[in-house]
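A.B. asks: Got a structure here, written out as structure tokens. Questions coming.
Laboratory data are not the source of any read-out in this text; all were calculated from the coordinates shown. Please read all numbers here as calculations on a predicted model, not as lab measurements. Reconstructed Cβ throughout: ideal geometry from the backbone, glycine too, with neighbour counts over all protein chains shown.
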Amino acid sequence: MSESLKIALLGYRSHPFVGGQGIYLRYLSKALVEAGHQVDVISGPPYPDLDPRVNLVEIPSLNLFEAKSHHAWALRPRHLKSFSDVFEWFSMLTGGFAEPYTFSRRVAKYMKQHGHHYDLIHDNQCLGHGLLTMQKRGVPVVATIHHPITRDRELAVQAAPNWYHRLLVRRWHNFLRMQKKVARNLNHVVTVSEQSRVDIAKAFDLPDSGIELIYNGIDTEIFRPMEGVLRQPYRIITTASADQPLKGLRFLIKAIAALKPDYPQLELMVVGKLKEGGQTETLLQSLKLEDSVSFVSGISTEELVHYYNEATLAVSPSLYEGFGLPAGEAMSCGTPVISSDGGALPEVIGDAGYITPAGNSNALASAMRELLENPERRAQLSQLGRKRIEETFSWEVAAKQFTAYYHKILNQDKQTETTVPREASSDVVGAINAQQVYDHANN
């Protein structure tokens, strides 16, 4: 086994039920511990649900999304002592999203005292300025970029109903300027699919050769076929943020509406939360599908696995995915999958599912009709999907690849430190001297 490392995994918002980034931190930290490393997850709220062997370091924020009253009244006099608190509050008040920036500042402050305890720092798509501060102090910093959020912004702008909403979308995504700058100045960047590597290189102006590819894993022991659970013959399941255009839920809903006359018992379960008064609710009302589409959120992993096992089909209609964890989880449960060709989804699905053009509700409806009518084909895809996940995607494989990558960059950094010539640039010498001062101050 490779030498054990002390690793700090960073997540500005890490609960598994707020998105794929929380799921990534949960399973990667567990896999790294099982590979023999010591792992601290350093997270802002809402905090993650972690393996007991993983230590959680909480970095409090204002957590304005969870404010009991309007976020405008969340600032207290004690917060005025903190620039990060005031900036987070003011940004939210003016329609911005400051959590990546303020979290990175808070972590940089924490690491000023505790950074020497870690062999390296691994960020999960925060990409805040604080990462560059930590890198300058001499601790190796790795950043996982799942996909460039520029795609989210583009699709959200396209879906905005008027100029005012387009302005709000651009204001919300203002943090992208920071992420582009930080990504270009980080020494070590990792992504989760070949599609993401190409897109990140283009969006952030990086050479794709400098971006490491390590696929996500699926926990095949948890996401598994369950004995004794009967498939509901007309239930479709999907995972989607209801009013996030990127997820393409509206196209799946329109496909359900097209199939409903021939399959009146057809039902769609959405793992996600319905926003009252949002575009999805309006669409459901206009298509008279309120009684045929249900939403579940805040469920446990075991409940999610049970729902996958009950569904006849799982559909991933996303316009773009940097990887596509829900599709992989459904396949691992033996649920036949229909997917769009958005982003990296074809890399995950391979030949073990149906792939349709992104944003095409007619194609989704056609694929669902074919599989609803063909139980033998569903059974075949069930076996193919499970086999593909077991053989190609697992967290054990990901942990081994990350271990090799961590040691590679640590050795590179050591060689750089020992081979800097006397004629080196003042910037490099200054960085080394600064690290020597930092190490001395913390010994």
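A.B. asks: So what's the Cα pair-distance distribution over the chain, bin width 20 Å, in %?
C.D. replies: Result, from short to long distances: 24, 55, 19, 2 percent.
A.B. asks: A follow-up question, please. Which residues' amide hydrogens lie under 5 Å from the amide hydrogen of residue 316, considering only partners 5 or more residues apart or on another chain, with H built in the peptide plane?
C.D. replies: Counting only residues 5 or more places away or on other chains, the set is 338, 339, 340.
A.B. asks: Can you list the residues, at least 5 places off or on another chain, whose amide H is less than 5 Å from the amide H of residue 358, using H built in the peptide plane?
C.D. replies: 341, 342
A.B. asks: May I pose another question? Taking every pair of Cα atoms in the stretch 241-294, average 1/r, invert it to obtain the Kirkwood radius, and report Rg/Rh to two decimals. Before the final figure, lay out each step's value.
C.D. replies: Working: Rg = 10.5 Å, Rh = 11.3 Å.
Computed over Cα atoms, the ratio is 0.93.
A.B. asks: GNM on the chain, C-alpha springs below 10 Å: top fluctuator among 245, 375, 261?
C.D. replies: Evaluated over the chain, the most mobile residue of the options is 261.
A.B. asks: Can I ask one more? Using θ = phi - 60° and the Karplus form 6.51 cos²θ - 1.76 cosθ + 1.60, what ³J(HN,Hα) does each residue of the stretch 185-199 get, whole Hz, x for Gly and Pro?
C.D. replies: Listing the rounded values in order: 9, 7, 7, 9, 10, 10, 9, 10, 7, 5, 4, 5, 4, 5, 5 Hz.
A.B. asks: Using the Karplus curve 6.51 cos²θ - 1.76 cosθ + 1.60 with θ = phi - 60°, what ³J(HN,Hα) values do you get for each residue of the stretch 139-155, in whole Hz, with x for Gly and Pro?
C.D. replies: 7, x, 10, 10, 10, 8, 10, 6, 6, x, 5, 4, 5, 4, 5, 4, 5
A.B. asks: Ok, one more. When only alpha-carbon atoms count, how far does the stretch 272-323 stretch along each of its three principal axes, as whole angstroms with the largest first?
C.D. replies: Result for the stretch 272-323: principal-axis Cα extents of 32, 27, 22 Å.
A.B. asks: Report the calculated FRET efficiency for residue 222 and residue 55 (r = Cβ-Cβ distance, R0 = 25 Å), to the nearest 0.05.
C.D. replies: On the way: r = 21 Å, r/R0 = 0.86.
My answer for the efficiency is 0.70.
A.B. asks: Tell me the Kirkwood radius of the stretch 232-392: reciprocal of the mean inverse pair distance over distinct alpha-carbon atoms, in Å.
C.D. replies: Values: mean 1/r = 0.0651 Å⁻¹.
For the stretch 232-392, the Kirkwood estimate is 15.4 Å.
A.B. asks: Could you point to the residue in 403, 344, 325 farthest towards the positive end of the stretch 286-409's charge dipole, with +1 and -1 charges on the Cβ of Lys/Arg and Asp/Glu respectively?
C.D. replies: Checked the options; the winner is 403.
A.B. asks: Amide H of residue 188 versus every other amide H placed in the peptide plane: which residues, excluding those fewer than 5 positions away on the same chain, fall under 5 Å?
C.D. replies: So residue 188 has HN proximity to 143.
A.B. asks: If you don't mind, another one. Please give, to one decimal in nm, the separation of the simple spin-label points placed at residue 291 and residue 379, each 7 Å out from Cα toward the Cβ.
C.D. replies: 3.4 nm
A.B. asks: Another question, then. Return the lysines within reach of residue 247: Cα separation strictly under 17 angstrom, same-chain partners fewer than 8 residues apart disregarded; answer none if there are no such residues.
C.D. replies: 273, 275
A.B. asks: Short version: ³J(HN,Hα) in whole Hz for each residue of the stretch 112-119, in order, from phi by Karplus 6.51 cos²θ - 1.76 cosθ + 1.60 (θ = phi - 60°), x for Gly and Pro, what are they?
C.D. replies: Each residue of the stretch 112-119 in turn: 4, 9, 10, x, 5, 7, 10, 7 Hz.
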